[in-house]
Amino acid sequence: MKPIRQMTAACLALSLAFAIWAPPAAAHTGFESSDPADGSVTSGPVDAITLVFTGDAEPTGDGFQLLDPDGTVREPTEASTADGRTWVLLFDPPISGGSVGVRWMVKAPDAHPIDGAFSFSTPATPVPPFEEPRAVDAAPDTTLSANGPLDQDAAASVAPQLDEPSAGTEQEAASVDSESVPPAAAPVEQVLALEEFLDAGDDVSAAPGRVGAAGRFITLLGTLVGIGGLVFAATAMRGRRRDVRYVLFWVRRAGLAVVAGALIEFIAQVATEDVGNWSALWSPSAVGGVIASTFGIATGLRIVGGIALVSGARLDTIAASEIRDPVVAVRQLVRTGSAGADTGAGFWEIDTGQDGMPQPNEDPLVRPGDQAWRAGHDSAGAGLGALAILAAHLFDGHTVTKGNRLLTGAVDIIHVAGSAIWAGGVLMLAAVLWHRHREGRELRARQLAMRFSVVATAALVAVGLAGVVLAIIVLDSPSELWSTDWGRILIAKTTFVGIAAVAGGYNHKVLIPALDAAPDDADLSRRLRNVITGEAVALVAVAVATALLMGAAS
């Protein structure tokens, strides 16, 4: 156990030092524009294509590719950039003769790859101008046939055919004189090849992208349950020893989920950077490149943190009456409202000692024999593991590529920590209530919900403030809320957060006071359990949206 704590502490120290000394990150990387633009028609052959990104971009996978009008895939003769954002692609010989497709794949500073494609049209290859044949003298003595001279009448019949071009020839000339061939005139086979080329990038990155999104979801869910479960066990959980054991059981499983999710996302990252080639996992250079990136640092922190959660969340309980109660202490410290104003029956009326200070062990709903988790020296590794998992957000995710890495990362950590305490606590609260229900025991939902509401309120304030700051940092304008994938997913995530918050508010304002007035009402306890379960489901949806958000472009 001691070596794991030492390794976790060392990883935290190194990651913090790296984050402090790392230069400010560039703006979030997304595709901004191109020249020629998507769908445009150029006035002549093209020997240079310019791609502009909103942040630093480095070619990865297939990099930059072009499909010329002949159906040949070409790579640029030269690809260069002066600032990491504007890339100039040179082609020799120039491109002309019809529809052209361009496909690109780059990675942002946080190592997440993004790709896209567009097309434009170039004029047809120039053809020498049409020249009418000279008129032939129709004199009888110079007009010959295969059998000798023609008479004047026969020569006259030949002359008009030589002097005037046919209707078909005039149409040919008009066709040649046209300035360009519209894209619609391209052969069907070419159009199909162009569509296949433009869609190929999506096909290549689709499978690794889905695997990576699944890995992010597993990691995030493990983060929520692991960190939230730790805080729930240390603050809100009061009951039998088996209840504490049950919560820590899920904390350890959450640590395994963090490790598994991080490894899955790492595998997907390696495959994505090698154009969806899963065999790249056996390439030391491909694996080493990802390990050396900031994404690799984040993965390492998550793996170390997950292992520390598994090994450090040890069961060590003490009588609840003998340990300082942090929930009661916080409640008395902030003095939210008057005593008993929001829950009735003077639940939080606590006696004071001789010095006038509250006695933080006196929770009136704690029963004799109730146990509390003692997060002592033996469990310090779990706390360090939670910190390591949070520190990974200094190196991964689109939010850390916007603005100053340390500042934005710190806000992101506050947001994730608050989300974990709230969402993970709700999940643990629902799990404990269902665990007691399955065992046929009294739910005691009133006590757990009232204690957790103090912790959840503080967490919700942190989540709300940090979330607003992050949205301001990431979004350049309000219109990006509906014009970008990041903004649209953020709206969906906020909707699920609102549903969960409404459920929590209903519990706090309606069901808990009702239970306070009728503590033995089993129907009210069941309703509270069901609403908490619905809140937990909404928060799982929030985790799904967050996993998608981390892979979306703004």
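Here are some notes:
- The single condition from (1) touching a His at 6+ places or on another chain (Cβ under 8 Å); (2) at pLDDT 80 or above that Phe452 fails is (1).
- Wholly enclosed helices (runs of 4 or more DSSP H) of segment 221-331 bearing at least 3 residues over 30 Å from Arg451 (Cα atoms) and in contact (Cβ under 8 Å) with a residue 24 or more places away in the chain: 241-273, 294-312
- Every condition in (1) closer than 30 Å to Val258 by Cβ; (2) at pLDDT below 80; (3) not in a helix (DSSP H, G or I) holds for Ala372 except the one numbered (2).
- Qualifying residue in segment 429-439 (condition: under 26 Å from Leu365 (Cα atoms), out of contact with any Phe, Trp or Tyr (no Cβ under 8 Å at 6 or more places or on another chain) and either free of Cβ contacts under 8 Å to residues at least 40 places away in the same chain or not assigned by TED's automatic domain parsing to the domain that holds Ile532 (or both)): yes
Listed here are the residues, each with its yes/no results for (1) under 20 Å from Ala543 (Cβ atoms); (2) out of contact with any Leu (no Cβ under 8 Å at 6 or more places or on another chain).
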residue	(1), (2)
Asp412	yes, no
Met428	yes, yes
Ala445	no, no
Met450	no, no
Gly464	yes, yes
Leu470	yes, yes
Ser477	no, yes
Leu481	no, no
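- Annotation note: of Arg446, Arg436, Arg451, Arg526, the sole residue that is of a type in the set (D, E, K, R) and surrounded by fewer than 21 Cβ atoms within 10 Å (Cβ to Cβ) is Arg526.
- Check on Ala522, at pLDDT 85 or above and either in the same structural domain as Asp396 (by TED's automatic domain parsing) or under 24 Å from Val366 (Cβ atoms) (or both): no
- Selection from segment 442-487 of residues that are farther than 28 Å from Leu511 by Cβ, free of Cβ contacts under 8 Å to residues at least 40 places away in the same chain and assigned to a helix (DSSP H, G or I): Val468, Ala471, Ile472, Leu481, Trp482, Ser483
- The listed residues are Ile499, Ile473, and the only one of them that is within 15 Å of Val426 (Cα to Cα) and among the aliphatic types (A, V, I, L, M) turns out to be Ile499.
- If only residues of segment 497-514 that are crowded, with 19+ Cβ neighbours inside 10 Å and more than 30 Å from Trp486 (Cα to Cα) are counted, the one that is nearest to the chain's Cα centre (by Cα) is Asn507.
- Scoring Val270 on the criteria (1) over 23 Å from Phe64 (Cα atoms); (2) modelled with pLDDT under 95; (3) out of contact with any strand residue (DSSP E or B) (no Cβ under 8 Å at 6 or more places or on another chain) leaves a single failure, condition (1).
- Of all residues in segment 515-548, those that are within 21 Å of the chain's Cα centre (by Cα) and free of Cβ contacts under 8 Å to residues at least 12 places away in the same chain total 1.
- Matching residues, segment 72-108, being in a loop (DSSP other than H, G, I, E, B), free of Cβ contacts under 8 Å to residues at least 40 places away in the same chain and charged (D, E, K, R): Glu75, Asp83
The values are calculated or read from the model by the stated rules, or taken from the named source; none is laboratory data. Fair warning: this is a prediction, and the values are worked out from it, not measured in the lab. Glycine gets a Cβ as well: all are built from the backbone with ideal geometry, and neighbour counts include every protein chain shown.
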